[in-house]
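Q: Below is one structure. I have some questions about it.
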Amino acid sequence: MDTIDVKVGTRVEHPRYGEGIIAKINLGAYIVFFEDGGKMEIPKTSTNLSIIESPEEGKGEAVTARDLRQAIASVLDEYGTLPVEVEIGQKWIGGKVLLQPADESLQAKEIPMDVFFKKIIMVRDRLRVLEQNINSSASLNEEEKVHIQQYITRAYGSLTTFNVLFSEKEDYFKGSGKK
């Protein structure tokens with residue numbers, strides 16, 4: 001892809017994620033919102049992006065980052081995938097997760113609790129999107145959907161260990177035993 005022609009607002013295509021719009025340009029990557037893949041960071045060195053349409057100077061209205069955020073929020077809200085704000089329990093605020101190897105010669109890894117919690121929430125949100133994609137799939141029959149859904153339910157059940165981190169019970173992970 002010719003990086004000279006790339007501006008915020010450029011419509012691009014990726015073989016895996018489909019069509020998208022460049023929302024931000026960093027030093028080494030493009031932040032692209034794809035219709036099917038969501039927000040992705042694509043390295044500028046990637047050969048997988050191709051320009052569909054560049055925004056023309058002085059033609060039409062300029063799309064601001066705020067406009068783009070509102071449009072994306074509107075689409076996500078319409079399809080029920082807008083993530084709900086989930087709060088970490090008070091006792092965990094400012095805490096950290098410590099991963100200590102059994103071999104004392106190796107260094108431990110500390111992860112701020114808020115970072116760890118956000119990762120857990122991201123897993124949950126992605127499982128929900130996967131569920132929605134399975135349920136709306138035209139290529140899967142009902143039996144296949146139920147079969148795959150059972151694996152997702154088991155994944156939720158495996159994540160119930162992390163329920164202790166949530167502020168509100170309605171945000172808890174629930175496996176097949178807690179319907």
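What follows is calculated from the coordinates using simple rules that are stated; it is not laboratory data. Nothing here was measured: the structure is a model prediction, and the numbers come from that model. In this analysis, Cβ positions are derived from the backbone assuming ideal geometry, glycine residues included, and neighbour counts consider all displayed protein chains.
Q: Under a plain spin-label model, where a point goes 7 Å from the Cα along Cα-to-Cβ, how far apart in nm are Asn163 and Leu140?
A: Between Asn163 and Leu140, the simple spin-label model gives 2.5 nm.
Q: What order do you get for Tyr151, Tyr156, Tyr172 when you list them from fewest to most C-beta neighbours inside 10 Å?
A: Fewest-to-most Cβ neighbours within 10 Å comes out as Tyr151, Tyr172, Tyr156.
Q: With r as the distance between the Cβ atoms of Asn133 and Val97 and R0 = 25 Å, compute the FRET efficiency 1/(1 + (r/R0)^6) and round to 0.05. Don't skip to the end; give the middle numbers.
A: On the way: r = 30 Å, r/R0 = 1.21.
Efficiency computed from Cβ-Cβ geometry: 0.25.
Q: Also: Rank these for me by crowding, Val164, Val12, going from fewest to most other beta carbons within 10 Å.
A: Exposure proxy ranking, most exposed first: Val164, Val12.
Q: For the pair Arg66 and Val115, what calculated FRET efficiency results from E = 1/(1 + (r/R0)^6), where r is the Cβ-Cβ distance and R0 = 30 Å, to the nearest 0.05?
A: About 0.65, to the nearest 0.05.
Q: In Å and on Cα atoms, what radius of gyration and Dmax does region 90-171 show?
A: 17.2, 54
Q: So how much slack lies between Arg16 and Gln90, counting 0.36 nm per residue of separation and subtracting their Cα-Cα distance, in nm?
A: Separation in residues times 0.36 nm, less the Cα-Cα distance, equals 22.6 nm.
Q: Can you give the extra length, in nm with one decimal, that the chain gains between Lys174 and Ile148 once fully stretched, where that is 0.36 nm per residue apart less the Cα-Cα distance?
A: Fully extending the segment from Lys174 to Ile148 adds 7.7 nm.
Q: Give me the number: length gained by fully extending Glu53 to Ala155, i.e. 0.36 nm times residue separation minus the C-alpha to C-alpha distance, one decimal in nm.
A: Here the answer is 32.7 nm.
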